[in-house]
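What follows is a set of notes on a single structure, which appears directly below.
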Amino acid sequence: MSRQSYGLLRKIAEIDELVTPTTQDRIFETHPEVVFAAMYGSPWLESKKTPAGRAQRLELIAGWIPGAERLARRRERSLHVDDVLDSAAAAIVAAKRELGLAGRLPPDPPRDSRGLRMEIWY
């Protein structure tokens, strides 16, 4: 398990307590790389840690968020550009869900032992 993943465990547990079959329509899971792959039409984007990869993602975001180029100029010490772009991708999924334009994997998800749909939105 990566250090970053380990650091997120407590926050994931907090959210997991909030999610029920009735709240799942408001609290949902997405993954930025799935979002970017769907927007790009292929999973073969450049690494998000490279200038080319950040530029690709920023171009994809710009189709949804006016002024998105400002996101790449973030310079706060606590924010990394790739994390800001990942957050923008999650915001786009929220907007797409509201508009009825989001997709999900799998299209007809199974349910876990708590009755939650096991799905990723993009």
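Structure data summary
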{"item": "Matching residues in region 45-54 - criterion: being in contact with a helix residue (DSSP H, G or I) (Cβ under 8 Å, 6 or more places away or on another chain) and in a loop (DSSP other than H, G, I, E, B)", "result": "Leu45, Glu46, Ser47, Lys48, Lys49"}
{"item": "Breaking point among (1) surrounded by 11 or more Cβ atoms within 10 Å (Cβ to Cβ); (2) over 15 Å from the mean Cα position of the chain (by Cα); (3) without any contact (Cβ under 8 Å) to a residue 60 or more places away in the chain, for Ala88", "result": "(2)"}
{"item": "Number of positions in region 1-48 that are among the basic types (Lys, Arg) and at pLDDT below 90", "result": "1"}
{"item": "Residue ID - farthest from Leu60 (Cα to Cα), chosen from residues in region 10-45 that are loosely packed, with under 11 Cβ neighbours inside 10 Å and acidic (Asp, Glu)", "result": "Glu17"}
{"item": "Complete set of residues in region 63-122 that are out of contact with any strand residue (DSSP E or B) (no Cβ under 8 Å at 6 or more places or on another chain), hydroxyl-bearing (Ser, Thr, Tyr) and within 16 Å of His31 (Cβ to Cβ)", "result": "Ser87"}
{"item": "Single residue of Arg97, Arg70, Arg57 found to be part of a helix (DSSP H, G or I) and closer than 23 Å to Ser5 by Cβ", "result": "Arg57"}
{"item": "Selection count, region 102-119, where residues are under 18 Å from Glu33 (Cα atoms) and either in contact with a Lys or Arg (Cβ under 6 Å, 6 or more places away or on another chain) or surrounded by 10 or more Cβ atoms within 10 Å (Cβ to Cβ) (or both)", "result": "7"}
{"item": "Some residue of region 31-41 being of a type in the set (Asp, Glu), within 20 Å of Val93 (Cβ to Cβ), in contact (Cβ under 8 Å) with a residue 24 or more places away in the chain and not in a strand (DSSP E or B)", "result": "no"}
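The values are calculated or read from the model by the stated rules, or taken from the named source; none is laboratory data. These numbers come from a predicted model, not from an experiment. Cβ: placed from backbone, ideal geometry, glycine included. Neighbour counts: every protein chain shown.
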